[in-house]
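Peer 1: Once you've had a glance at the structure underneath, I'll fire off some questions.
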Amino acid sequence: MALLESKKDRGEVRIHESLDELSTDLADYIAELSEASVKERGVFAIALSGGSLISLMRNLCGAPYNKTVDWSKWYIFWADERVVAKNHVDSNYKFAKDHLLSKKQEEAEHSLPTLYNKSCFICITNKHLDRINDFQRPILKVQRMIFMVENGVSDSQRFNKKLVYMIRLPIVPSHVHSINDSLTAEEAANEYEFVIRQLVRTRVVNVSDVSDCPKFDLILLGMGPDGHVASLFPNHAVLEEKNEWVTFITTSPKPPPERITFTLPVINCAANVVVVVTGVGKAEAARLAIDDDVGPEGHVLPARMIQPAVGKLVWFLDNQAGSKLKRFSK
Ligand SMILES: O=C1O[C@H](COP(=O)(O)O)[C@@H](O)[C@H](O)[C@H]1O
């Protein structure tokens, strides 16, 4: 069970015994926000970050969320992105696609029946379609299963032992808004902001009650051991940006150097901000970002600058990341 505490100006802090517990709580929380937003506005505009956060959202791919969440109403954005090709290992888009939006799974053939209750697509190469015919009849009885032909599986030996399939969150492709990877960092940031401006006009993304900023239904952030969130790094000029919604940097201390990022005003106008922090290596930054009695060191930390004007801030920590917080340290 997560330990809960509300801290003055620092939002709600949830500390979890294990990563599994954190993942369960996180998926529940996101599903609740999605339901509330779809009920109120008819859509759910969610901005992801990169890094460990994505794997911790894994439970959303399974039951009950695959059936209970109205995925068709989700609009996905990125709070920050590395300016690299979309198929590059450093791309936050690629990471989310591979680990969340289209998660590759392998199961032994004999466990095929366990797939019957899952809402998933099966991906198989052309040349293996004949072999799959052995399974096809029972599978076709399951309405949610759809065969796809994809050039992804080439190792026939492996195919003999395993069934390779993809769990895809049924998000409408045109609702996924990632950066244009053929542009420079500056151009990509400008174009991304333009796209968001169009979607604010049509209220796919809500507008803030206190400024003209977009009001995302949820912005999900991770935090680095240096206290950076999105691509807002300590002591970086990017923290001063007050006018742009999306800006760019070419000198990120963490590679790759070129990134685009939501600015602080945009993050602080969201209806909900969740920061997910795990591991002992981030315990000191978590203390500086959350605890009340921290000195100037804490106040210049980007993660501490997350202070939603009206929205709700919730920290999802594991025991290790929370180990230096005054209230929770033993
Ligand atoms: O570079 C980045 O790092 C942070 C933190 O990543 P983590 O793997 O330490 O959790 C991430 O939130 C951000 O989106 C990403 O661009």
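Peer 1: Among ASN243, GLY311, SER208, whose Cα lies farthest out toward the positive end of the dipole of segment 201-330, if unit charges sit on the beta carbon of Lys, Arg (+1) and Asp, Glu (-1)?
Peer 2: GLY311
Peer 1: Another question about this same structure. Calculate the length of the line joining the C-alpha centroid of segment 65-93 to that of segment 12-45, in whole Å.
Peer 2: That distance is 16 Å.
Peer 1: Please give me the summed charge of the neighbours of ASN235: other residues whose Cβ is under 12 Å from its Cβ, Lys and Arg +1, Asp and Glu -1.
Peer 2: -3
Peer 1: Leaving ligands and nucleic acids out of the surface, order GLU40, GLU244 by accessible area at 1.4 Å, largest first.
Peer 2: These residues rank, largest area first, as GLU40, GLU244.
Peer 1: Once you order the gyration tensor axes a ≥ b ≥ c over the Cα atoms, which shape class does segment 164-318 get: rounded for a/c under 1.5, otherwise prolate or oblate by comparing a/b with b/c?
Peer 2: Rounded, because the longest to shortest axis ratio a/c is under 1.5.
Peer 1: Starting from the residue with the highest accessible area, list ASP25, ASP292, ASP226 in decreasing order, probe 1.4 Å.
Peer 2: Reading off the accessible areas and sorting them downward yields ASP292, ASP226, ASP25.
Peer 1: Which distance in nm do the two modelled labels at GLU240 and VAL172 give, with both placed 7 Å along the Cα-to-Cβ direction?
Peer 2: 4.2
Peer 1: Given LYS94/LYS254; LYS8/LYS97; LYS97/LYS282; LYS7/LYS282; LYS215/LYS326; LYS73/LYS94, which pairs have Cα atoms separated by over 28 Å?
Peer 2: LYS8/LYS97; LYS215/LYS326
Peer 1: While we're here: What ³J(HN,Hα) values, in whole Hz, does the Karplus curve 6.51 cos²θ - 1.76 cosθ + 1.60 give for segment 280-292 when θ = phi - 60°, with x put for Gly and Pro?
Peer 2: Values per residue, Gly and Pro as x: 5, x, 10, 5, 5, 5, 5, 4, 5, 7, 10, 5, 6 Hz.
The values are calculated or read from the model by the stated rules, or taken from the named source; none is laboratory data. Not measured: the values here are computed from a predicted model. Neighbour counts run over all protein chains shown; Cβ positions are idealised from the backbone, glycine included. For accessibility, only protein heavy atoms count, side chains too; no ligands or nucleic acids. Shrake-Rupley method; radii C 1.70, N 1.55, O 1.52, S 1.80 Å.
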